[in-house]
1. Would a scan of region 173-180 turn up a residue that is closer than 26 Å to residue 257 by Cβ, assigned to a helix (DSSP H, G or I) and more than 16 Å from the ligand (Cβ to nearest atom)?
2. Taking residue 356 as meeting all but one of (1) farther than 30 Å from residue 418 by Cα; (2) part of a loop (DSSP other than H, G, I, E, B), write down the number of the exception.
3. Within region 417-431, which residues are farther than 12 Å from residue 363 by Cα and out of contact with any Ser or Thr (no Cβ under 8 Å at 6 or more places or on another chain)?
4. Does residue 160 satisfy the criteria of being within 16 Å of the ligand (Cβ to nearest atom) and closer than 24 Å to residue 149 by Cβ?
5. Within region 229-287, which residues are hydroxyl-bearing (Ser, Thr, Tyr) and touching a Pro at 6+ places or on another chain (Cβ under 7 Å)?
6. When you scan region 159-173, do you find a residue that is among the β-branched types (Val, Ile, Thr), under 30 Å from residue 242 (Cβ atoms) and touching a Gly at 6+ places or on another chain (Cβ under 7 Å), even just one?
7. Return yes when residue 249 is touching a His at 6+ places or on another chain (Cβ under 7 Å) and either assigned to a strand (DSSP E or B) or away from the ligand (no atom under 16 Å from the Cβ) (or both) and no when it is not.
8. Determine, yes or no, whether residue 170 is within 16 Å of the ligand (Cβ to nearest atom) and either of a type in the set (Phe, Trp, Tyr) or in a helix (DSSP H, G or I) (or both).
Amino acid sequence: MNFATDFLWGAATAAHQIEGAWQADGKGESIWDRFNHTPGKIFNGETGDVACDHYHRYREDVALMQRLGLRAYRFSTAWSRVLPTGRGAPNQAGLDFYDRLVDALLAANIQPFLTLYHWDLPVALFELGGWSNRDVGHYFADYAALMVKRLGDRVRYWTTLNEPYVIAFLGHHLGVHAPGLRDELLAFQVTHHLLVAHGLATQAIRALLPSAQVGIVLDFTPVEPLHDSETNRLVAETIWQKTGALFPDPLFRAHYPLAVEPMLAQLGTTLQPGDLALIAQKLDYVGVNFYRRHVVDEQGRALAVPGSEYTEMGWEVHAPAFTQLLVQLARDYRLPPIYITENGAAFPDVVDADGRVRDPRRVNYLREHIAAVGDAIARGVDVRGYFVWSLLDNFEWAFGCSKRFGIVYTDYATQRRIVKDSGEWYARWIAQVG
Ligand code: FCB
């Protein structure tokens, strides 16, 4: 077996996708609350107002994690729950919630793995320009410090940002995520400001808690050429530079990819002297989120691969690309230890008449992808943990509650949780390898 005995086996969630309680106990409005309530943005007009009601049911959810034998739990804190307007006076009730959650996790022997920003910017900061305003990076660092002061005595793993590529481009170029803007140049400005914010928050965390493990979570969709031609290879490489390499290049090599330089050149004073050194500070780990690959033709169009299996998201199931990605990242960058911070699949699960949720396709997906991680480790890649996305079926952003990624089924009408076959399988796997 390639997995160390202290390998962190866990599951992941995000505040906005599970907590609900969007206005409870003094929580401020986030850009996702606002987006959800804007007609036409979310499938079926659904919202995250209640989601899995985890804010009120966290004890039950931690008990579930314990029953599954999870060693670690990756979750995010909602900025607007602890700082309703993003800065200024903290909301004690919000801080108390995370305090209780962390205590419950530790009592269950589950390592908390905390993400500070999983997309839910306080609206008050959006009104100041959001991530287009460099100052927001400073407010982010203050927020990080607040959380470290409150939880740093018990939380060891700190993640600054989740998937900054998605934040910048789905939120500011494609407009399918909050705040729903469509401006490519703005997306590059946001890219740079997110990286600066990451650098500032990293400094703030380390200043208060030198023993903290600090990292960032990046998403990767490997891009493979359909044809073995020079043109097709070049097209695939350019897409990779503009997507996959866009964040690791500045973070681990202190420069941006060549392919994005023309866009950055139009940003004027956004890039300031010293920024790249701030961005490329040493990290303790990097989180890798992997779901699928893209196979592209000479025009750069992602195509369906004949014979391949596709999930409910329309994402191809292809585990070998995962091993290859990890090996390639380790080869191309001098990376710190890697945690797989998200990996999983959505399928149209149903509760059978006997009350069981049979999800053999998810079991296969997890088995193959965990094996792919094992193969990467065997090839010398330093992977220290794996988090299934997700613990629970939850509010899948613009898809509302229509896509089920959980290893635990959520019955939204009653808030009953049912461990799926994949959850039972994962529990057995952890018990066996751990
Ligand atoms: C990732 C997000 C996560 C979830 C999965 C399916 O991009 O980080 O919140 O939506 O995709």
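The values are calculated or read from the model by the stated rules, or taken from the named source; none is laboratory data. Quantities reported herein were computed from a predicted structural model and do not represent experimental measurements. All Cβ positions, glycine included, derive from the backbone under ideal geometry; neighbour counts span all protein chains shown.
1. Within region 173-180, none of the residues are closer than 26 Å to residue 257 by Cβ, assigned to a helix (DSSP H, G or I) and more than 16 Å from the ligand (Cβ to nearest atom).
2. Condition not satisfied by residue 356: (1).
3. The answer is 418, 419, 430, 431.
4. Yes; evaluated as a whole, the condition is true for this residue.
5. 256, 285
6. Yes, region 159-173 has at least one match.
7. Yes.
8. Spelling it out, residue 170 is indeed within 16 Å of the ligand (Cβ to nearest atom) and either of a type in the set (Phe, Trp, Tyr) or in a helix (DSSP H, G or I) (or both).
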